[in-house]
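Q: This is the structure I want to talk about, given as structure tokens.
The values are calculated or read from the model by the stated rules, or taken from the named source; none is laboratory data. Because the structure is a prediction, the values reported are computed rather than measured. Glycine gets a Cβ as well: all are built from the backbone with ideal geometry, and neighbour counts include every protein chain shown.
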Amino acid sequence: MEIPNPNIHMWQGNVACAEGAIAAGCRFFAGYPITPSTEIAEVLSQKLPAIGGNFIQMEDEIAAIGAVIGASLGGVKALTATSGPGFSLKQENIGFAVMAEVPCVIVNVQRGGPSTGLPTHSAQGDVMQARWGTHGDHPIIVLSPSSVRETYDMTIRAFNLAEKYRIPVVLLSDETVAHLTEKITIPDPASIEIIDRKKPYVSPEKYLPYQIDETDIPAMANFGEGFRYHVTGLAHDETGFPTNNPEKIKAQLERLNRKIQRNRNDIVEVETFETEDMEVLVIAFGATARSARRAVINARESGVKAGLLRMKTIWPFPDEEIEKIYKSVKKIVVPEMNLGQIAHEVEWATRREKPVVRVNKINGEPITPNEIYESIISQG
Amino acid sequence: MSFRYEVRLSGAGGQGLILVGKVLAEAAAIYDGLNATQSQSYGPEARGGASRSEVIISDGDIDYPKAENIDILLALTQEACDKYIDGLKDDGILLVDSQMVTNIPKGQYKVVALPIIQSAVERLGKFLVSNIIALGIITKLSGVVSESAVKHAIRARVPKGTEEININAFYTGIDLATHWLDEHGPL
Amino acid sequence: MDYLQYLRKDKMPHIWCDGCGHGIVLKSILRVIDKLGWDKNNIAMISGIGCSSRTPGYVDFNTLHTTHGRGLTFATGLKIARPDLHVIVVSGDGDATAIGGNHFIHAARRNIDISVIIYNNYIYGMTGGQVSPTTPGGKKASTTPYGNPDTPFDISRLAQAAGAAYVARSTAFHVGKMDRYIEQAFTKTGFSVVEVLTPCPTSYGRRNKEGRGVDMLMYQKQNSIGIEQAKGKTAEELKGKYITGVFVDKEQADYRQRYDEVIKKASKLNK
């Protein structure tokens, strides 16, 4: 028997999320209990006060995201976690965080929907809600983990991207990954890259909280640091105050969207597996990507050259990454625990040049490797 | 080629099968240096009576984390046995409590029926440790994890002050399985 | 005193109508801040949506104009993250007790060290005079053209019942009292509420034939009655009267003190 390594744990996905948040420097959590995300709150209610952080269970989901934005404006990295119905309730203030450019992380552990749906069962039906849940044209970053270790790493990355780009980042998990207990070897804290928001280097008199410069990402002063600026969800100019000037509104909203578009290569991450000589491309994410990987291995054993593109970033959509590899394949298989939200995007990204075969399941059960395998090897 | 060993633990809610799943997975992953996953079905469905916990053990990567080709199925109640037998391999092991599960579903699997709950009550005076007895039997029959790894995992997981009775329960299970193997020959 | 040192002069003129009481409330807030000698850098003023919620845009503090009814939630996060800041929330009757009603009672229950000034004008002024949770029964609004069928909230009593450490009500006319209450609220550790009854001649007064702003202020002057004097009077006798005064003023551990105990316990157990 090996001597146990203290960095090896058997953790649930939700525990890894909470631990990842702490490793990322998160010191504030506000939430509301909802299955299947509640363990994140429970772990942080124990751990945050032990390291001088703050945990608060708010009166509802809306209050939780509001408190998170308030804490972040005060300079503290902040997290909230929820699931489908709660994610719906948070949308208005997610829009506020986008508009006011307040870094924060929102975990949505997907469960079956619509409505109260299947509280204890898995789904991937919030792909489009994560992208467009809040009103108006807006950018967003959405990451989706497939394993416990990746939940840890991605939670850290979510904070880093939120701080770097001044934007709310959604960690789109699912019940399967969130409740899966799996072996994880946590990295040496010193090896973890932590990114903090860019601070202003000008005097308060000269500070423009929404200045348009060559980076498109304005420096962010925290409340109480002498800058005394204004933050609003109304359309505003570079000073942060509301404006009705069409030119200024246009300039700010274009910058808001551009700051993510122009950095999409830094944000978008995919993993490819056996794609070099493939004839069938499988595109999957989250828990489903685990089944897809097994299906690809099994297909190869049966003589069908299949490959997998696993999306780690869902939004911005990895269209360029798909573009690079799909030309030579005969068909594309898209398994997902919804009715085709990603398949639709894949069809767009590939201009419908290849048949896109959908493998969909919305009954709360994960998609099995065999269900994907059948679609890979089928001649139809 | 890596191996993949699938365990499904089923019974009634409250029988401690999720704990058994966690201990087994921790024994494999933390103490035996293998890979393991553990998952469970819970919620409204589990309150109806039957509940299950699944453990996958491998020396390679574990992609799909749910049991599909089960190597060993534990059933502590008839309802759980009927409900969760699907997926047990033809040459898999069906381990049942001999008093609770009297109607053995037809199939090619190897049936091991042992008085798990009765042993807990009679040998250890505690119905609650049936789950750890079952863990001992699974450890012996499966051979997929080492006894010492499971023992360490039990000590690390069970509430303080209950280590000894749980270790005794574990060895009661090993003992039951050993006798069964002596009597019936190797699986 | 010099009010201008606290105002963002370039944001003037403000959006408030002639005869609106909101500016009177703002001046009172600024007088108290000046008297207390607070550093502008350490003040955060937060609001939701509505006429009153435009106040933060005019003042030279750290200012945050949030979503409708949610000002208190942002304020809660900020105050917890930054206990060193004076956190003031300005809100209206609709913002605080309709869409934000749940946050209002829970902030009071938590007794978090935030002061809320509620500008209660019984109407949704900014959007053109729709009925609010404090519009008296029978009164007209753009959405109650036949008179309001609902009964109104008593905001101060609501705050009192929910557990606030300090609650007082003044009218916009009674400036001296308002200053005193706001000062007491600002210096209180815990959740403090000052409800100020303020005239909205444009959206409420006109529709209900209560005259112009000055007429509405004079009505306040003539129809206010102190809590003590109101005791023993019947509902009939108090009809149309404004009961003003300090409803609650108590010492109790605030959220920070209680959570610091949690931190102490957690640090000890996790050593």
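Q: Here is a list: A:Glu238, A:Glu225, A:Glu276. Which entry is in a loop (DSSP other than H, G, I, E, B) and closer than 14 Å to A:Gln211 by Cβ? Full working, then the answer.
A: Values: A:Glu225 fails: closer than 14 Å to A:Gln211 by Cβ; A:Glu276 fails: closer than 14 Å to A:Gln211 by Cβ.
Every option except A:Glu238 fails the conditions.
Q: When you go through (1) of a type in the set (S, T, N, Q); (2) in contact with a strand residue (DSSP E or B) (Cβ under 8 Å, 6 or more places away or on another chain); (3) closer than 20 Å to A:Asp277 by Cα one by one for A:Ser291, which number turns out not to apply?
A: (3)
Q: Residues of the stretch B:155-179 being crowded, with 22+ Cβ neighbours inside 10 Å and over 17 Å from B:Lys126 (Cα atoms), which ones?
A: Across the stretch B:155-179, the qualifying residue is only B:Ala177.
Q: Go over the candidates A:Val107, A:Val76 one by one and state the one that is in contact with a strand residue (DSSP E or B) (Cβ under 8 Å, 6 or more places away or on another chain), aliphatic (A, V, I, L, M), more than 7 Å from every other protein chain (Cβ to nearest Cβ) and touching a residue at least 24 places away in the same chain (Cβ under 8 Å).
A: On the way: A:Val76 fails: more than 7 Å from every other protein chain (Cβ to nearest Cβ).
When all the criteria are applied, what remains is A:Val107.
Q: Could you count how many residues in the stretch C:212-233 are at pLDDT 95 or above and either on the phi > 0 side of the Ramachandran plot or β-branched (Val, Ile, Thr) (or both)?
A: Counting residues in the stretch C:212-233 that are at pLDDT 95 or above and either on the phi > 0 side of the Ramachandran plot or β-branched (Val, Ile, Thr) (or both) gives 3.
Q: Follow-up. Hey, among the residues in the stretch A:216-272 that are without any contact (Cβ under 8 Å) to a residue 40 or more places away in the chain and hydroxyl-bearing (Ser, Thr, Tyr), which one's surrounded by the fewest Cβ atoms within 10 Å (Cβ to Cβ)?
A: Checked the stretch A:216-272; the qualifying residue surrounded by the fewest Cβ atoms within 10 Å (Cβ to Cβ) is A:Thr243.
Q: Only residues that are outside any helix (DSSP H, G or I) and of a type in the set (Asp, Glu): list them for the stretch A:125-166, please.
A: Our first condition is that a residue be outside any helix (DSSP H, G or I); within the stretch A:125-166, this holds for A:125-126, A:133-147, A:166.
If the condition is that a residue be outside any helix (DSSP H, G or I) and of a type in the set (Asp, Glu), then A:Asp126, A:Asp137 are the ones that fit.
Q: For C:Phe153, which of the numbered conditions (1) more than 21 Å from C:Gly101 (Cα to Cα); (2) in a loop (DSSP other than H, G, I, E, B); (3) touching a helix residue (DSSP H, G or I) at 6+ places or on another chain (Cβ under 7 Å) fails to hold?
A: Result: C:Phe153 passes all but (1).
Q: Could you pull out every one of the strands (runs of 3 or more DSSP E) wholly within the stretch B:1-96 that has 1 or more residues that are away from chain A (no Cβ under 13 Å) and modelled with pLDDT of 95 or more?
A: By residue number, B:4-12, B:70-75.
Q: Moving on to the next point. How many residues does the stretch A:325-348 hold that are surrounded by fewer than 19 Cβ atoms within 10 Å (Cβ to Cβ) and hydrophobic (A, V, I, L, M, F, W, C)?
A: Result for the stretch A:325-348: 3.
Q: Can you name the residue in the stretch B:102-123 that is part of a loop (DSSP other than H, G, I, E, B) and more than 15 Å from the chain's Cα centre (by Cα) and is also surrounded by the most Cβ atoms within 10 Å (Cβ to Cβ) among such residues? Talk me through it step by step, then tell me what you get.
A: Filtering the stretch B:102-123 for residues part of a loop (DSSP other than H, G, I, E, B) gives B:102-109, B:115.
If we keep only those that are more than 15 Å from the chain's Cα centre (by Cα) as well, we get B:102-109.
Working: B:Thr102: 11, B:Asn103: 9, B:Ile104: 15, B:Pro105: 16, B:Lys106: 7, B:Gly107: 13, B:Gln108: 9, B:Tyr109: 21.
The qualifying residue surrounded by the most Cβ atoms within 10 Å (Cβ to Cβ) is B:Tyr109.
Q: While we're here: Looking at (1) more than 30 Å from A:Ile325 (Cβ to Cβ); (2) touching a strand residue (DSSP E or B) at 6+ places or on another chain (Cβ under 7 Å), which is the one condition that is false for A:Leu256?
A: (2)
Q: Please state which one of C:Asp150, C:Asp179 is farther than 30 Å from C:Lys250 by Cα, surrounded by fewer than 21 Cβ atoms within 10 Å (Cβ to Cβ) and of a type in the set (Asp, Glu).
A: Working: C:Asp179 fails: farther than 30 Å from C:Lys250 by Cα.
Residue meeting the stated conditions: C:Asp150.
Q: Residues that are of a type in the set (A, V, I, L, M), at least 2 per element: which strands (runs of 3 or more DSSP E) completely within the stretch A:1-65 meet that?
A: Values: elements: A:8-12, A:28-31, A:54-57.
Passing ranges, in order: A:8-12.
Q: Hey, does the stretch A:188-200 have a residue that's surrounded by fewer than 16 Cβ atoms within 10 Å (Cβ to Cβ), touching a residue at least 40 places away in the same chain (Cβ under 8 Å) and closer than 30 Å to A:Ala123 by Cβ?
A: No, the stretch A:188-200 contains no residue that is surrounded by fewer than 16 Cβ atoms within 10 Å (Cβ to Cβ), touching a residue at least 40 places away in the same chain (Cβ under 8 Å) and closer than 30 Å to A:Ala123 by Cβ.
Q: Examine the stretch C:193-202 for a residue that is within 23 Å of the chain's Cα centre (by Cα), more than 14 Å from every other protein chain (Cβ to nearest Cβ) and loosely packed, with under 13 Cβ neighbours inside 10 Å, and state whether such a residue exists. Break it down stepwise before answering.
A: Here is the first cut: in the stretch C:193-202, the ones within 23 Å of the chain's Cα centre (by Cα) are C:193-202.
Now drop any that are not more than 14 Å from every other protein chain (Cβ to nearest Cβ), which leaves C:193-202.
Checking the rest, the ones that are also loosely packed, with under 13 Cβ neighbours inside 10 Å come to none.
Taking every residue of the stretch C:193-202 in turn, none turns out to be within 23 Å of the chain's Cα centre (by Cα), more than 14 Å from every other protein chain (Cβ to nearest Cβ) and loosely packed, with under 13 Cβ neighbours inside 10 Å.
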